[in-house]
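Scroll down for the structure; my scribbles are underneath it.
The values are calculated or read from the model by the stated rules, or taken from the named source; none is laboratory data. The model shown is predicted, which means the values in this text are computed figures rather than measured ones. Glycine also receives a Cβ, built like all others from the backbone with ideal geometry; neighbour counts cover every protein chain displayed.
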Amino acid sequence: MKTIRGKLVVYFFAIILLFQVTAISIFVSSNELTDTYNDSFQRFLLLNKISRHASELYSTTKSFVNEPNSENSDDYFEIKADLEDNLSQLSETFYYIETIEMKNYINLIETFIYETDLTVGSVLRDDTEQYMNHLEEAGNASDYISESTLEIIELELTAYQSFYEDLQQRDHNFMLFIIFLFLTTIILAIFFALWFSRGITRPLGKLSAAAEEVASGGLEGEPVHIRTNDELRLLGDTFNQMRTNIHDLFQEVQDQSELDRLVKEMELKHLQNQVNPHFLFNTLNTISKMAYMEDAKSTSGLIDSAAALLRHSLGDIDHRVALKDEVQVVQDYFHIQKVRFSERVTFQLNIDENCLDIEVPQLTLQPLVENAFIHGIEGKEEGGIISLVIYQKLGKVIVEIRDDGIGISQETVNQIISRTKQQQEHVGHSTGIGLTNVIRRLELFFREDHMVEIESELGKGTVIRLILPYDKEGL
């Protein structure tokens, strides 16, 4: 049953069918009792008719003997015909027609009719001696018929007494049946009412509790499971989908809000770290051209790298760029630091060119490389090595920034991953962007968690590993 309305219709017709079956049973039982009573009553009437017609036929025969005219003759034959008709009905009415009593009774009636016929015939032949004898025999037969009729009626009354007792027993049983039916109907009605109402109120209770939970802010509760196969199940599934959509939308709004906050924070740090950056950028370009004209090529290259790094940091921080552009910025940064620190710092690149077309948030790699330089290598008197490695693995693009610097404690690694040091971490000199800022922007950009791994050992160095989705269609 797919609908509540369908259930109600089925329950209604089930109750109607129950009452109809009961009514038919009562009707059939009543008809049987009525037919039995009617048959018994018809037998009483038939016996009474036979006794009455036998007496009338004997009286008519005597009248015909005294006055043998046509009127008495017609009456005789009419009553005789009625008696013969009654005799033929005996075999149809009495179920114990084959008993000795009934056979004797039928023979007695036939003998009576025969004697009356002989009497009438003797009168017509004017045989006085014969018709007087036959009339006497007919009178005796008529008396015997009356006596036999009373005996059979007594037998019928005895049988009727049994029938009456059976009728009383049936009436008692019928009363018990009515009481049983009444109680059963009430119990079934209460059972179906409780069962049906429970099938409605229980799911509604679950939905109400879940709605109160959502109203209080609980968007991550257990889904509502409704096992009925009707509109309530659809309502429960729709509610679960609605709560999931609200949770996803709320999470998306939170993520977007955090992303906006990070962008605003980075923009603020940009403003704090910049003194008329466009003027500075144009000045650097002018100095680079003058150095090139004066044949100071190393100086010109250094200025070009600084200008490129500045140009990249001045771009829209919320913009997405190709990974190869981020690698180019890192190379410019390597060039600047190589000039600054000469042989103290070694920079290495090991890059799979097939991985460079995927898109990432702007200023993703350079802050991580700068973080490795500032916190890993710069403090070491003997310097160190910083490597940028990009390769494919298991459907992902892996970006590793490695250094052999002073390393990071496991506690600090855990704080960085969980972003508990977001407000206290050191930031880069060139962009003002911190490590946790980069991690969070990656997670928001790709809508995934656990995109960054950090492996470090004090005194031996650090590896920061970015695990980026590999969109083959875009490569």
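Checking the stated criteria, Leu363 turns out not to satisfy the condition of being closer than 26 Å to Phe446 by Cβ and either outside the structural domain of Ile464 (by TED's automatic domain parsing) or not in a loop (DSSP other than H, G, I, E, B) (or both).
Rundown of residues vs (1) closer than 30 Å to Leu235 by Cβ; (2) exposed (fewer than 14 other Cβ atoms within 10 Å of the Cβ), yes/no style:
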{"site": "Val120", "(1), (2)": "no, no"}
{"site": "Thr158", "(1), (2)": "no, yes"}
{"site": "Gln168", "(1), (2)": "no, yes"}
{"site": "Ile178", "(1), (2)": "no, yes"}
{"site": "Glu213", "(1), (2)": "yes, no"}
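The residue that is farthest from Gly384 (Cα to Cα), counting only those in segment 328-349 that are in contact (Cβ under 8 Å) with a residue 24 or more places away in the chain and of a type in the set (Ser, Thr, Tyr), is Tyr333. Do the conditions hold for Glu154, that is, is it assigned to a helix (DSSP H, G or I), of a type outside the set (A, V, I, L, M) and out of contact with any helix residue (DSSP H, G or I) (no Cβ under 7 Å at 6 or more places or on another chain)? So Glu154 passes the test.
Scanning segment 322-338 for residues that are assigned to a loop (DSSP other than H, G, I, E, B) and modelled with pLDDT of 65 or more turns up nothing.
Put simply, of Leu90, Leu108 the only residue that is over 18 Å from Asn140 (Cα atoms), aliphatic (A, V, I, L, M) and assigned to a helix (DSSP H, G or I) is Leu90.
Leu124 falls short on exactly one of the conditions (1) of a type in the set (A, V, I, L, M); (2) closer than 20 Å to His134 by Cβ; (3) crowded, with 18+ Cβ neighbours inside 10 Å; (4) out of contact with any His (no Cβ under 6 Å at 6 or more places or on another chain), and that condition is (3). Checking the stated criteria, Gly376 turns out not to satisfy the condition of being modelled with pLDDT of 85 or more, in contact with an Asp or Glu (Cβ under 6 Å, 6 or more places away or on another chain) and not in a strand (DSSP E or B). Of Glu84, Glu136, all but one fail to be of a type outside the set (Val, Ile, Thr), surrounded by fewer than 17 Cβ atoms within 10 Å (Cβ to Cβ) and either in contact (Cβ under 8 Å) with a residue 24 or more places away in the chain or outside the structural domain of Tyr37 (by TED's automatic domain parsing) (or both); the exception is Glu84. Across segment 374-417, the qualifying residues are those that are among the β-branched types (Val, Ile, Thr) and surrounded by 20 or more Cβ atoms within 10 Å (Cβ to Cβ), and the one among them that is farthest from the chain's Cα centre (by Cα) is Ile377.
Inspect segment 24-39 for any residue being surrounded by fewer than 13 Cβ atoms within 10 Å (Cβ to Cβ), under 30 Å from Gly121 (Cβ atoms) and either assigned by TED's automatic domain parsing to the domain that holds Glu115 or touching a strand residue (DSSP E or B) at 6+ places or on another chain (Cβ under 6 Å) (or both) and give the result as yes or no. No, every residue in segment 24-39 fails to be surrounded by fewer than 13 Cβ atoms within 10 Å (Cβ to Cβ), under 30 Å from Gly121 (Cβ atoms) and either assigned by TED's automatic domain parsing to the domain that holds Glu115 or touching a strand residue (DSSP E or B) at 6+ places or on another chain (Cβ under 6 Å) (or both).
Of all residues in segment 15-40, those that are touching a residue at least 60 places away in the same chain (Cβ under 8 Å) have Cβ atoms under 8 Å from Cβ atoms of residues that are among the acidic types (Asp, Glu), 6 or more apart or on another chain, in Ser40/Glu156.
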